[in-house]
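The values are calculated or read from the model by the stated rules, or taken from the named source; none is laboratory data. Just so you know, these numbers come straight off a predicted model, no measurement behind them. Reconstructed Cβ throughout: ideal geometry from the backbone, glycine too, with neighbour counts over all protein chains shown.
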Amino acid sequence: MSGEYVTFDQGAAATPQGVRAVTGTGIVTTGTQRVTLASDGFFVTLFTNIYTALTQSIRTEEIDPISQHYVAERLANVVNGADATTYYYTDHAGYSKAGWQLALDCVAGTVTATVEGTMDDTGAAPAACAYEDITNDLFGVASLVSAAAPATDVWVDDTGASGLFKYIRIVIVANTGAATGDWLIDHKRMY
């Protein structure tokens with residue numbers, strides 16, 4: 001329950017300032033607030049500011065709500081990665097938003113990052129699903145490319161569309177000619 005609370009000893013000579021109990025009615029007030037009385041034998045705890053007279057209801061709120069939780073993980077930290085296509089998978093079931101921070105670099109050639117998603121929720125392994133490129137749909141860019149120079153970006157799905165996908169994968173295509181590609185991918189997703 002939200003609100004202020006005060007605990008006092010029923011046997012004490014004085015009660016906290018402003019606390020009144022109307023004998024025989026079960027009503028306890030503090031100032032003008034009606035409160036809920038929770039008794040634990042000798043001690044009484046008053047929860048105040050939880051009754052809303054306008055709606056004639058008791059207010060409750062979640063403490064540390066799940067909607068404020070997130071998962072953070074480093075998907076990759078590769079130095080001199082092989083020239084190949086590499087996939088980094090994340091399961092987005094139950095999540096509402098996501099973001100990625102990418103840093104790409106190479107001495108020659110290119111290192112390219114894109115995002116692909118699938119809504120396949122049949123229980124198949126992430127690598128067995130069919131994916132579509134969603135980079136432009138989610139972030140308004142076609143890709144992030146390092147062409148013999150560093151490239152960094154933060155991709156944030158502020159629309160919540162990433163929550164519609166079962167799996168999302170980051171695709172890294174390294175084509176440097178000499179395995180000189182570097183990439184760092186950090187990821188967060190919110191419930």
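Any chance segment 156-166 includes a residue that's charged (D, E, K, R), at pLDDT 90 or above and outside any strand (DSSP E or B)? Yes: segment 156-166 contains one or more residues that are charged (D, E, K, R), at pLDDT 90 or above and outside any strand (DSSP E or B). Pull up segment 77-132, narrow it to residues that are of a type in the set (A, V, I, L, M) and in contact with a Lys or Arg (Cβ under 8 Å, 6 or more places away or on another chain), then point me to the one that is farthest from Asn175 (Cα to Cα). The extreme case among them is Ala93.
Here Asp105 does not qualify as at pLDDT below 85 and either farther than 30 Å from Gly160 by Cβ or not assigned by TED's automatic domain parsing to the domain that holds Lys166 (or both).
Restricting segment 118-136 to residues that are of a type in the set (Asp, Glu) and surrounded by 13 or more Cβ atoms within 10 Å (Cβ to Cβ) leaves a set whose member that is farthest from Lys166 (Cα to Cα) is Asp133. When each of Ala82, Ala76, Ala72 is tested for being at pLDDT 75 or above, small (Gly, Ala, Ser), under 13 Å from the mean Cα position of the chain (by Cα) and in the same structural domain as Ala128 (by TED's automatic domain parsing), the lone residue that passes is Ala72. Restricting to segment 105-129, name every residue that is polar (S, T, N, Q) and closer than 23 Å to Phe139 by Cβ. Across segment 105-129, the qualifying residues are Thr110, Thr112, Thr114, Thr118.
Condition check ((1) surrounded by 15 or more Cβ atoms within 10 Å (Cβ to Cβ); (2) in contact (Cβ under 8 Å) with a residue 12 or more places away in the chain; (3) acidic (Asp, Glu)) across all residues:
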| residue | (1), (2), (3) |
| --- | --- |
| Asp91 | no, yes, yes |
| Gly99 | yes, yes, no |
| Cys106 | yes, yes, no |
| Val111 | yes, yes, no |
| Glu116 | yes, yes, yes |
| Leu138 | yes, yes, no |
| Arg169 | yes, yes, no |
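If you scan segment 90-141, which residues turn out to be among the aliphatic types (A, V, I, L, M) and in a helix (DSSP H, G or I)? Correct list: Ala127, Ala128, Leu138. State yes or no: is Asn80 without any contact (Cβ under 8 Å) to a residue 12 or more places away in the chain, farther than 15 Å from Asp186 by Cα and not charged (D, E, K, R)? No.
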